[in-house]
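So the structure is just underneath, and the comments pick up after that.
We did not get these values from a lab; they are worked out from the coordinates using the rules stated. Please read all numbers here as calculations on a predicted model, not as lab measurements. FYI the Cβ positions are ideal-geometry reconstructions off the backbone, even for glycines, and counts take in every protein chain you see.
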Amino acid sequence: MINIKFKKLTKTAHTPQKMTEHSSGYDLYADVDQMSIQPKDVALISTGISLEIPSGYEAQIRPRSGLAVKHKIGILNSPGTIDADYRGEVKVILFNFGNEPFVVTRDMRIAQMVFAKVEYAELEESISLEETERNNGGFGHTG
């Protein structure tokens, strides 16, 4: 288990919460006045918190399945990444995939946050790469 510090940036910010003992993610709450996201539009939603994530970890911001199924609301850059060295406010890029406006209200659960270990890599430039059976096969190459 890792220790993650968080800071409330406003008096109205919510503590991220796991809704069940074995939940992978912590629910994030909107810290905004009521706002409407029009169909096929995007909005940057404040959570009112910042994080101190240890080196070697990241926070992944993911959609909530209930918002997706019931309201066609998702996260545009899913999963969003909060890097270990970022100390600014956590914000969520919500997208309205539906045909009706969606109203975000203060204290609404808008996303979930999952912490994951990051493997750091050292990139090495090369003039050739080992060939594989797939090789250059791209999107949809297997049918």
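Collect the residues in segment 25-39 that are within 17 Å of the chain's Cα centre (by Cα) and either farther than 21 Å from Asp83 by Cα or part of a loop (DSSP other than H, G, I, E, B) (or both), keeping them in residue-number order.
Selection gives Gly25, Ala30, Asp31.
Looking only at segment 84-105, count how many residues are surrounded by 13 or more Cβ atoms within 10 Å (Cβ to Cβ) and within 25 Å of Thr10 (Cα to Cα). Please lay out each step first, then the result.
Narrowing segment 84-105 to residues surrounded by 13 or more Cβ atoms within 10 Å (Cβ to Cβ): 84, 86, 89-98, 102, 104.
Checking which are within 25 Å of Thr10 (Cα to Cα) leaves us with 84, 86, 89-95, 102, 104.
So the answer is 11.
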Next item on the list: Those residues that are more than 14 Å from Pro63 (Cα to Cα) and not aliphatic (A, V, I, L, M), I need them from segment 88-106; list them, please.
Entry: Gly88, Glu89, Gly98, Asn99, Glu100, Pro101, Phe102, Thr105, Arg106
Notebook entry, point to check: Looking at segment 3-24, which of its residues are closer than 15 Å to Val90 by Cα, part of a loop (DSSP other than H, G, I, E, B) and of a type outside the set (S, T, N, Q)?
Noted result: Ile4, Leu9, Ala13, His14, Pro16
Next item on the list: Those residues that are of a type outside the set (Gly, Ala, Ser), closer than 27 Å to Ala116 by Cα and surrounded by 12 or more Cβ atoms within 10 Å (Cβ to Cβ), I need them from segment 33-44; list them, please.
Entry: Val42
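Mind checking whether some residue in segment 1-15 is closer than 17 Å to Val104 by Cα and out of contact with any strand residue (DSSP E or B) (no Cβ under 9 Å at 6 or more places or on another chain)? Full working, then the answer.
From segment 1-15, those closer than 17 Å to Val104 by Cα are 12-14; that's our starting set.
Still in the list and also out of contact with any strand residue (DSSP E or B) (no Cβ under 9 Å at 6 or more places or on another chain): none.
Checking segment 1-15: not a single residue is closer than 17 Å to Val104 by Cα and out of contact with any strand residue (DSSP E or B) (no Cβ under 9 Å at 6 or more places or on another chain).
Can you confirm whether segment 8-30 contains a residue that is among the hydrophobic types (A, V, I, L, M, F, W, C), surrounded by 13 or more Cβ atoms within 10 Å (Cβ to Cβ), closer than 30 Å to Glu100 by Cα and touching a residue at least 40 places away in the same chain (Cβ under 8 Å)?
Looking only at segment 8-30, we keep the residues that are among the hydrophobic types (A, V, I, L, M, F, W, C), and these are 9, 13, 19, 28, 30.
Those still in the list that are surrounded by 13 or more Cβ atoms within 10 Å (Cβ to Cβ) too: 9, 13, 28, 30.
Add one more test, that the residue is closer than 30 Å to Glu100 by Cα, and what stays is 13, 28, 30.
Okay, now just the ones that are also touching a residue at least 40 places away in the same chain (Cβ under 8 Å), so 28, 30.
The answer is yes; a qualifying residue exists.
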Notebook entry, point to check: Of the conditions (1) polar (S, T, N, Q); (2) surrounded by fewer than 15 Cβ atoms within 10 Å (Cβ to Cβ); (3) closer than 24 Å to Lys117 by Cβ; (4) touching a residue at least 40 places away in the same chain (Cβ under 8 Å), Ser50 fails just one. Which one is it?
Noted result: (2)
Check: Counting only residues that are among the charged types (D, E, K, R) and surrounded by 13 or more Cβ atoms within 10 Å (Cβ to Cβ), which one in segment 59-82 is nearest to Glu119 (Cα to Cα)?
Finding: Arg62
